Each structure stands twice: as C-alpha cells, then as structure tokens.
Amino acid sequence: MEPNHAFLALDAPSTALHLALRNQPGISIKVGTVIGAALNDRDEFARLENVMHAKPYQTPPLRPVLYLKPANTQCAHDSAIRLDPDVSEIAVTGCLAIVIGAPVARATPQQANAAMFGYTLAADLSVPHTSFYRPAIRQKCRDDFCPIGPWIAPLGNEGLEHDIELVLSINGQELQRSRTGNVMRRAATLLADISQFMTFLPGDILLVGASQGLGRAARGDRIEIGNPSLGTLAFSLVDAPAQAQHGDAP
Amino acid sequence: MKRARVMINGAIHFGYAQNDFTLMLDDGRIVEHHEVQWLPPLVPRTTFALGLNYADHARELAFKAPDEPLVFLKPANTFIGHRAHTVRPADATYMHYECELGVVIGRRCRNVSRDQAYAYVAGYTVGNDYAIRDYLENYYRPNLPVKGRDTCTPLGPWLVSADQVPDPMNLRLTTSVNGVLTQQGNTRDMIFDIPTLIAWLSAFMTLEAGDLILTGTPEGLVDARPGDEIVTEIEQVGRLVNTVVSESAYFKVKSLQEQA
C-alpha cells in the first residue's frame, strides 16, 4: 500500500500542552479538554441579572454556562502571546484551573470532589465582547488565549480549598482581587452538574473564574495571576509577526 | 482511500474499505464489516460544528440565515463510531439527528485564502450531530448540554481521502429513520461553503491536522426515539448507521452514583 499524503500529518499528531507537578518536575500531565463556566461569579451574575431577563436571553440560565478553550488556545506559563492586528486590547479573567485525576461521570458533588487531583492557575483571554448569546469562538478561541500553569499543586488530604484569592496584575500593578468562593456553583457542584452529560478523564481541566473580563491588557503588557500557595502564572502580549503563516510546506 | 479505525481480536487497526462488505486491515487480513467494532475514524483535535448553515434548515428552526458562520465547539467525550448506540436522555421530549459532512484538516494552517483552502483538507467523513432540544438555553447557544453529550456524535464509518471527493460542494445528504427517508439535501446549499469556513476560522486561529469541521445540516428533522435506527448518508463519503437507546437500556449496570 502506498502512503496517502493527505493522512500523514493526521497520524503524527502535534503535541499537547503538558503541565509538571510542583516539586516533581519529572512527572507531567497531558492537558485534555479545558472547560470553563461563565456567569458563575455572584457579583457578575447580580450585575447582569436585569439583562438576563431581556432579549435575547429571556430568562437567567438554569444550567452552567459553559465554554471550551480548545487545543490551539492552551499554552504554558511565561508565553509571549501574539495579538493579531485586529485586536487592540484583550479581556483577562484569572481562573483557578482544577485538574481532574480520575474519570467523572454522573457524579455527586462528593464524587466529583474526590476525582480532583490538583490545581493550578489559568487566564481566560478574550477579545472584549458583551454578548453571551452565541458561542464566542472568535473572541475566546484565538491562539494562546488560555495560558495555564506554572505547575500543578496536588490537593492535600483536606481536598480543594473553595475560597482562593486570585490577584491579577498588569505590569506589576494590581488590578483585581477576586475570590473563587464567591460563586453560584462551587467547583464540586459544577463538575458534578457537567458530568451528568459529559465524562471527564484525567488531564481534563475545569476553569473556575473570577468575574469575566474586568481586566484589560494590550500589546507590551506583562500579566500575572498569582496566589500565595499556587504560585504565579505570567505571560506577555506581543505583536503578531508581519508575515502571515499559511501552513507547513507540503 | 477509505480508512476506518476498527477493533478486532483485542487490538485497534486501520481498516481500508475494499467494497461495501470487506475491509483490509493494516496487517493484511481481510475481514467483513460485521466482524469489527467501528471506532470514530479519527480522534478529532478540535471539533467545530456549524449551526444554521443551510437556509432551509434555518427557516425550519425559524431563524434567519446568519451573517457570519455560527460556530460552536464539540468536546472529545461526545464521539462514537459507526453502528454504535446513542443515548436518549429519559427526560428528553425532542431529540433530533443532524446529517453533516465532516471536513478533516490535514496540516497546520493560518490565514488561508478561500482559493487555497482545499489544499489543507485531508478528507471527509459523515457526522451525526444529535441535539437534545429540551436543554437549549440562550447562553452560548447551542449550549453544551444540547450538543456536547456523551455518545451524541457518531462519526464514520471511515475517513475518505480528499482525492476521492472531487466536488465536496455537490454531494447529496440523506437521513432515514427505520428505513424511511426523512431528511435530504445537498452540500451545494450550504450558506458558508467549505473554503469560506476554512478561511473564516483560520483568519483568527491556527488550524491543525486532525481538526474537524462539521458543516451543518439541511432541513428534515424528526424526533429520534429509543430503538430507532438512524442512517445518515452522504454520497461518495459513506453511510453511517446509529441506533438510539434509552438511558435505562444503556446504563444496564448501576451507575457509581446509585451504588454509593
């Protein structure tokens, strides 16, 4: 049989993001599905509640409002993220990234809690937008729009700490402090709710965010999301190269 | 080339379709279609799906055709292969199939023009993008509980290499339920065609080998009930068979939750 050139790159998949464990750099976990919940912050929900009763929403959401950060968005700590010419500023949401360590399906919150392996930090980056009506693919799914790291802190025997403070700073200046405990659904409830229709596997990540998009950043900025026990996730925003890429040589 | 991923005798193989009845496995064995378990023909990296990409279907759902592609993402948990079972949730009152042409990207690309788009396509497959309409909410619509469920996206039976499909924008799509034709259309009626979709997506993100675009469905939706055999077929690409099962039949073994 002769090789089919169309299939060659399919059979040698590009590498996925791996995250090392804190204090055990020899062990790393391959990142799978990254799923986040919008409108989960209580303050944000309250601020938008009037809007949710109007068109096109009609009524506040009954289920978690979920979005995916696909493979092209996932990048490591200390990345230089290239902004396309059409993007002048981006919205930055600091998130707690909960790394799943065992399958979770049709779980109770207790079971969901038990399947969490560890946590790290993530930034949900987005082109600023106000509508939640349609999936925000062009806003949220640009290359490198989900830095994750710096490493995974395994959960101790006490399990997930629910109320973690995240500090967002830009160029060394503190911009926002938020707490992950101030949420409509806590992480275990959220994971259990999603697992009613979707099976999670080890390496999948659930993002539990601050209120969306209050932080704004632009080219040249260095952004840090920090927590004393989880470390600091840092990245910078730079210009896209003038020459557009068209693809790998055939 | 039509290449499937199948399981037989405790191992996963590529299977190359020889005709409507036999596959040649990568180790040279010839097997009949009914002897294998069919896996999705690829493990998609990122899956994009199109909503309202056929004008007749948009009308059917009482929407005006969109001005730009309505794209949503599908998570990895949702895919199953040919001749597999899809679960209808116990509380669902309206669950429908969607026969869709799946376009598989063959190599990395960014900022591709419409003219160059086909150079980045590895091949095609058939997708059945089931939706549970009961769970629709007006937030990131169509939302993940509608479109991202376990077992709810059959793919297959195989991947057909691009050279075998000279004009992917002129393919007849049909769906039958228990042998009765319920949906028919033609890919020429897409609002945003394949080159436009590749150009639109690659204008703001890098596409990679293994990315999959499910290009939307024409009109002709019918409630799919447990026991129904749903056949989604696209000429030159394949005939994807799926059976809808009830939640209670599927979860014959008690769930972990019930055991606890």
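All of the numbers you see were taken from the coordinates with simple rules; none came from a lab. Note that this is a predicted model, so its numbers are computed, not measured. Note: ideal-geometry Cβ built from the backbone for every residue, glycine included; neighbour counts use all protein chains shown.
General observations
- Environment charge at B:LEU212 (Cβ cut-off 13 Å; Lys +1, Arg +1, Asp -1, Glu -1): -2
- Its relative contact order, with pairs defined as Cα atoms under 8 Å and 6+ residues apart, puts region A:116-250 at 26 percent.
- Kirkwood hydrodynamic radius over Cα pairs of region B:41-259, then Stokes diffusion coefficient at 4 °C and 1.567 mPa s, in µm²/s: 74 µm²/s
- Shape class of region A:58-150 from the Cα gyration tensor (axes a ≥ b ≥ c, square roots of the eigenvalues): oblate, since a/c reaches 1.5 or more and a/b does not exceed b/c.
- Average partner coverage of B:146-153, which counts Cβ from other chains inside 10 Å: 3
- Within region A:107-184, the GluC sites (Glu not before Pro) that combine a DSSP coil assignment with at most 10 other C-beta atoms in a 10 angstrom radius are A:GLU158.
- Separation of the A:LEU62 and B:THR93 label points, Cα + 7 Å toward Cβ, nm: 1.0 nm
- By the helix-only formula, in which each DSSP H run with n ≥ 4 contributes -39500 (n - 2.57) and the sum is divided by residues, chain B has a 222 nm mean residue ellipticity of -2000 deg cm²/dmol.
- Partner chain coverage, peptide B:198-209 - average Cβ within 10 angstrom: 5
- Protection proxy ranking of B:12-24, A:189-201 - average other beta-carbon atoms within 10 Å, highest first: A:189-201, B:12-24
- Peptide packing for A:215-222, B:78-85 was compared via the average number of neighbouring C-beta atoms within 10 Å per residue; ordered from the highest value, the list is B:78-85, A:215-222.
- The distance between label points at B:THR243 and B:ASP115 comes to 5.2 nm (points 7 Å beyond Cα on the Cα→Cβ vector).
- Extension gain, A:ALA102 back to A:GLN196 (0.36 nm per residue minus Cα-Cα distance, nm): 32.3 nm
- FRET efficiency, A:ARG219 to A:GLU165 (Cβ-Cβ, R0 30 Å, nearest 0.05): 0.60
- The residue list B:PRO66, B:ALA131, A:PHE117 was ranked by how far each Cα lies along the charge dipole of the protein assembly as shown toward its positive end, using unit charges on Cβ atoms, and A:PHE117 comes out on top.
- Distance between the 7 Å Cα→Cβ label points at A:HIS129 and A:HIS53: 2.7 nm.
- If you take all other residues with their beta carbon under 10 Å from the beta carbon of B:HIS57, and give Lys and Arg +1 and Asp and Glu -1, the sum is -4.
- Neighbour net charge for B:PRO89 - beta-carbon separation under 11 angstrom, K R +1, D E -1: -2
- If R0 equals 56 Å, the separation of the Cβ atoms of A:GLN173 and B:LEU61 corresponds to a calculated FRET efficiency of about 0.70.
- Per-residue average of Cβ from other chains inside 10 Å of B:72-79: 6
- Cβ-derived FRET efficiency at R0 22 Å, B:ASP167 paired with A:LEU8, nearest 0.05: 0.40
- Trypsin sites (Lys or Arg not before Pro) restricted to DSSP loop in region B:167-260 with at most 12 other C-beta within 10 Å: B:LYS252, B:LYS254
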